[in-house]
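As structure tokens, the structure follows; a few thoughts come after it.
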Amino acid sequence: MSGEDAPAQQQNAVDQKQETKPAEEPKAEPPKTESAPAAAAEAAATPAATTAEKVPEEETFTYRALVLTGYGGYDKVKLQVKKGKPALKAGEVLVRVKACGLNFADLMARQGLYDRLPSPPVTPGMECSGVVEAVGEEVTDRKVGDRVMVLNRFGLWQEVAAVPASHTFLIPEGMSFEEAAALPVNYITAYMMLFDFGNLRPNQSVLVHAAAGGVGIAATQLCKTVKDVTVFGTASASKHETISQGGVTHAIDYRTKDYVEEVRKISPKGLDIILDPLGGSDTHKAYNLLKPMGKLITYGAANMLAGQKKNLIAVAKNWYHQFSIHTLSLIQGNKSVCGFHLGYLDGETELISQVMSTVLDLYKQGKIKPRIDSTWHLEQVGDAMRKMQERNNIGKVILTTEPMPEEEKKEEAKKEDKKEDKKKEDKKKEDKKKDDGKKEEKKDDKKKEEPKKEEKKEEEKKEEAKKEEK
Ligand SMILES: NC(=O)c1ccc[n+]([C@@H]2O[C@H](COP(=O)([O-])OP(=O)(O)OC[C@H]3O[C@@H](n4cnc5c(N)ncnc54)[C@H](OP(=O)(O)O)[C@@H]3O)[C@@H](O)[C@H]2O)c1
């Protein structure tokens with residue numbers, strides 16, 4: 001799944017931005033974007049003209065897409081309407097998207113901390129589910145109407161996506177679109193770490209951080225497919241009951257306790273496998289917590305994320321505490337350190353397909369099942385991201401392309417208005433504080449001036465007296 005394989009309409013958007021890039025072949029008119037209400041109004045105003053002039057469907061076609069418009073807070077991801085049907089290249093299929101997965105990487109990407117997403121404006125989204133709506137030349141194993149899940153580097157948070165057929169996987173019977181959108185990234189990642197790198201075997205012990213998150217739940221379920229595996233799982237305290245029911249043997253509240261001490265109390269010799277999505281100083285802790293022959297698989301840098309916008313101190317801290325090791329220490333320690341990044345396996349279509357096939361078999365056998373935390377409309381993407389970033393999700397956060405009911409839209413608009421009012425109110429308060437501060441400063445200056453004036457008057461009096469004496 002390389003840059004060239006990005007969804008066609010997404011690629012067009014990139015082309016629009018990098019105007020110097022020559023077109024390789026004649027392309028359909030690139031999709032134009034405009035605000036959702038404006039496009040809706042235009043569509044409503046022109047249906048008669050459209051039918052009379054028989055404008056080709058490729059041009060009248062519109063679809064909604066989420067677009068990262070710049071780096072920063074939640075409001076940087078905007079819902080836009082694009083015009084023009086995405087043109088299919090050979091080997092591609094057009095998918096009518098039903099549900100999309102939200103990943104931690106999308107939060108980092110919004111802050112400019114994820115290098116697998118091209119720079120804005122760009123449509124994020126690395127997994128979705130939907131129905132094949134059209135099939136390009138040379139596609140032999142997909143047909144119109146197939147229910148598929150899709151894994152791509154980016155570009156899937158939109159109502160239609162043109163993707164290579166090789167990036168699609170048939171959804172098994174009984175699996176909902178939400179489950180299908182929740183599966184690819186979390187389960188492929190967890191599976192490859194535990195079994196390809198970790199070589200997980202019976203009676204072993206595994207530390208799973210963020211055990212109530214998407215990858216965390218997938219990893220726990222996969223651990224349970226092997227006999228007598230002990231799972232240590234860190235998570236915020238409110239999630240412990242759920243993760244314990246889901247298979248975590250020892251739930252640890254990392255926010256109030258030292259998880260290394262907690263693990264040592266139960267397993268003094270340490271652990272066989274540690275999955276590290278945190279980075280920085282936690283990678284050091286993980287390495288030291290391994291048993292001889294233990295394996296550390298590092299696969300993220302969640303510690304870099306602190307707050308809605310990029311936090312340079314957190315980023316610097318993470319870099320400063322970056323783990324590195326001399327090979328001699330590694331040999332003497334009898335330990336293994338692995339790194340995993342699904343985003344950099346985008347060219348390994350065959351490998352990914354094999355893993356996906358194994359994961360789907362486990363699903364069919366009832367051994368794994370994605371846990372959906374919540375489902376949000378595209379309009380609510382900010383709230384969906386907030387849910388994950390404020391550590392309130394248990395399982396996967398999903399976006400649905402289902403249109404938002406009018407009533408909900410009104411409610412959402414009211415919420416937005418309230419947010420705006422609050423922002424204005426806060427700004428007023430802030431300005432007032434500043435004004436008051438300035439006034440106080442002026443008063444202080446005046447007070448300081450008073451004694452000086454008095455002194456001056458005294459001196460003048462003395463001068464007068466001296467003159468009179470003379
Ligand atoms: N390398 C790869 O290919 C790959 C693929 C997928 C995911 N990942 C990594 O795996 C980790 C989990 O990803 P996910 O998509 O499954 O998300 P997730 O676990 O659902 O992420 C949200 C949860 O992470 C925990 N968390 C820990 N540190 C956090 C922080 N600084 N800010 C916010 N939440 C934090 C919170 O739960 P608690 O407070 O309950 O712990 C939060 O609820 C991320 O680090 C991600 O980058 C890597």
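At a glance:
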| item | result |
| --- | --- |
| Residues being surrounded by fewer than 17 Cβ atoms within 10 Å (Cβ to Cβ), more than 16 Å from the ligand (Cβ to nearest atom) and either under 22 Å from the mean Cα position of the chain (by Cα) or under 18 Å from Glu402 (Cα atoms) (or both) - total across region 66-103 | 6 |
| Residues located in region 126-146, provided they are in contact with a helix residue (DSSP H, G or I) (Cβ under 8 Å, 6 or more places away or on another chain), in a loop (DSSP other than H, G, I, E, B) and of a type in the set (A, V, I, L, M, F, W, C) | Met126, Val139 |
| Search result, residues across region 359-379 that are over 15 Å from Leu151 (Cβ atoms), touching a helix residue (DSSP H, G or I) at 6+ places or on another chain (Cβ under 7 Å) and part of a helix (DSSP H, G or I) | Glu379 |
| Scope region 250-261; condition farther than 13 Å from Asn288 by Cα and either in contact (Cβ under 8 Å) with a residue 24 or more places away in the chain or more than 16 Å from the ligand (Cβ to nearest atom) (or both); matching residues | Ala251, Tyr254 |
| Out of Val215, Val226, sole residue that is within 19 Å of Lys295 (Cα to Cα) and near the ligand (Cβ under 10 Å from one of its atoms) | Val215 |
| Candidates Ile266, Ile274 - the one that is more than 10 Å from the ligand (Cβ to nearest atom) and surrounded by 22 or more Cβ atoms within 10 Å (Cβ to Cβ) | Ile274 |
| Region 292-322: number of residues that are in contact (Cβ under 8 Å) with a residue 60 or more places away in the chain and of a type outside the set (A, V, I, L, M) | 6 |
| Residue list for region 147-175, restricted to those being crowded, with 18+ Cβ neighbours inside 10 Å and in a loop (DSSP other than H, G, I, E, B) | Asn152, Arg153, Phe154, Gly155, Leu156, Trp157, Glu159, Ile171, Met175 |
| Residue within region 373-393 that is at pLDDT 95 or above, assigned by the TED database to the domain that holds Phe169, among the basic types (Lys, Arg) and closer than 23 Å to Val248 by Cα present | yes |
| Every residue from region 179-212 that is of a type in the set (D, E, K, R), outside any loop (DSSP other than H, G, I, E, B) and either surrounded by fewer than 21 Cβ atoms within 10 Å (Cβ to Cβ) or away from the ligand (no atom under 16 Å from the Cβ) (or both) | Asp196 |
| Some residue of region 87-106 being farther than 28 Å from Arg371 by Cβ and at pLDDT below 95 | yes |
| Output for region 140-187, where each listed residue is of a type in the set (Val, Ile, Thr) and within 19 Å of Ala218 (Cα to Cα) | Val150, Ile171, Val185 |
| Some residue of region 393-402 being more than 16 Å from the ligand (Cβ to nearest atom), within 26 Å of Gly246 (Cα to Cα) and hydroxyl-bearing (Ser, Thr, Tyr) | yes |
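The values are calculated or read from the model by the stated rules, or taken from the named source; none is laboratory data. Bear in mind that the values here come from a model prediction, so they are computed numbers and not experimental data. Neighbour counts run over all protein chains shown; Cβ positions are idealised from the backbone, glycine included.
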